[in-house]
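Some notes on the structure that comes next.
The values are calculated or read from the model by the stated rules, or taken from the named source; none is laboratory data. What you see is a predicted model; the values in this text were computed from it and never measured. Here the Cβ positions follow ideal geometry from the backbone for every residue, glycine too, while neighbour counts run over all protein chains shown.
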Amino acid sequence: MSKKIYLNVEGIGNEVIEIFSKTTTSEFRTFLCNVADYKDDSNIILKLYKHDGTIIPVSTEIESNTVDEPYRLVFRKTKQLSQIESCSNSCKLLANEEDDNQLNINPRITQSSTKPIKTPCPAKTKVEKIEMIYRHNIERPTFNKEITDHLKEPTFDIWQWKENGMISLLEYMFIELKLLDYYNINFDTLDNFLHCCKLCYNKNPFHNFVHCFCVTQMMYGMIHITDLVKILTPREKLILMLSCIAHDLDHPGCNNTYQINAKTDLALIYNDQSPLENHHCAVFFYILKKPETNVLESLSKEEFNEVRKGIIQCILATDMAKHSTLVGQFKDMTGNFDFKNEEHRTMLLLMLIKSADISNEVRPTRVAEPWVDNLLEEFFMQHDKEIIEGLPESAMMDRKKVKKSTTQSSFISYVMIPIFEAMAKVLPNMDDSVIQPIRTSLAYYKNLKV
Ligand SMILES: [Zn+2]
């Protein structure tokens, strides 16, 4: 038994071949290669198209055809994955479902006739857009003892300071924690880095540079109050301070739920996995790619990798979607918390940044309350956007429904108190300076009428 197969070879000429029932698929493939004067090797893909364009398997099961409707035989060279990646900016990767029927499944690469497709990297774009004049020979800031003592307290009044003053205070913290000496950080670089970070924060009502300063100052305060300053390694201090500074970089003012529902670039690039936190972190590391702002330039490769790992862990932990899981894991450790256990120490760092991030109500009401109004304003703006864009509405951001007193009472009771109380089981001196002020805030919001 045999059958004749009519072929059009790469649109150039027609051939007819005969295959027998004993012919194997491998022999059939070699036969097809020979017809076109190709040497059969694994780098070549054969494709057979029917008259209507359908791709059919290269197999001896192939149906006989007629001279009027020959199968079109084409050859493609396979690409190595590295080649595909390297040309991804200038080539279009076409995945054709029908190709799955092919014996050799490979993505089809065709040169795009239009402009090269570039995957936007929002973090890179943001940092590249920052225009700043790098300064040199900057004088180190000096503050009187009253200010430097106050800086270590949650009662520090951030509203007395302008943003450039906050940068000087951040610089002081790095100096006081001896991070410049330990990591050989050039002071000009630190100053340029902090100014660059300031410019990478957007002017949102809440997620702005002042929030970044508040979180960092609370971290600095907590590690002093609890004597962690004597326990933490320089690396841990560096990770915590840099993570606080970086943790909301380029926050767009709408949360992860919005990013995902609106299918923003951030949600698509990070596949809905903490898109904002991933972005903040990426912006930070792009800032470090500039020599003028690379505060980690003196670190050895190994040290840099450890610091980078720690910062990524800390920033990703600030996604509130992970809050109960992380706090639950930490609570399980508090019974036998061991400072010699690396896993316990890492979890403590995550708790520190998470608690600093939501710590406004540790501050006196006069300092803290404007933040509630700012956050609600940012929420309401998101809700307005959701309505305009026809997205699912976040009920907790609806200006017609939200009441400041109940929102804040619930937040303090169910989010703040559990994490701070868990930390108080492991860290000393938390009650008077941290837990008690939170309870005072709770009482204030429970009595508030608006
Ligand atoms: Zn934050």
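Scan segment 20-27 and tell me whether some residue there is assigned to a strand (DSSP E or B), under 15 Å from Ser64 (Cα atoms), modelled with pLDDT under 85 and of a type outside the set (Gly, Ala, Ser). For segment 20-27, residues assigned to a strand (DSSP E or B), under 15 Å from Ser64 (Cα atoms), modelled with pLDDT under 85 and of a type outside the set (Gly, Ala, Ser): present. Elements of the type helices (runs of 4 or more DSSP H) sitting completely within segment 208-283 and holding at least 3 residues that are over 21 Å from the mean Cα position of the chain (by Cα), within 25 Å of Lys162 (Cβ to Cβ) and more than 14 Å from the ligand (Cβ to nearest atom): these cover 209-225.
Matching residues to (1) touching a Lys or Arg at 6+ places or on another chain (Cβ under 9 Å); (2) at pLDDT 95 or above; (3) buried (at least 21 other Cβ atoms within 10 Å of the Cβ); (4) farther than 13 Å from Ile311 by Cβ:
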{"site": "Asp248", "(1), (2), (3), (4)": "no, yes, yes, yes"}
{"site": "Thr264", "(1), (2), (3), (4)": "no, yes, no, yes"}
{"site": "Leu268", "(1), (2), (3), (4)": "no, yes, no, yes"}
{"site": "Lys289", "(1), (2), (3), (4)": "yes, yes, no, yes"}
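Residues of segment 172-187 that are surrounded by 19 or more Cβ atoms within 10 Å (Cβ to Cβ) and charged (D, E, K, R): none at all. Name the one entry in Lys322, Lys340, Lys354 that is within 15 Å of the ligand (Cβ to nearest atom) and either among the hydroxyl-bearing types (Ser, Thr, Tyr) or surrounded by fewer than 18 Cβ atoms within 10 Å (Cβ to Cβ) (or both). When all the criteria are applied, what remains is Lys322. Inspection of segment 102-124 identifies no residue that is loosely packed, with under 11 Cβ neighbours inside 10 Å, under 30 Å from Asn294 (Cβ atoms) and modelled with pLDDT of 90 or more.
Filtered by the rule that a residue be over 28 Å from Thr346 (Cβ atoms), within 16 Å of the ligand (Cβ to nearest atom) and either touching a Pro at 6+ places or on another chain (Cβ under 6 Å) or touching a residue at least 60 places away in the same chain (Cβ under 8 Å) (or both), segment 185-205 gives Asn204, Pro205.
Return yes when Glu292 is assigned to a helix (DSSP H, G or I) and of a type outside the set (Val, Ile, Thr) and no when it is not. Yes.
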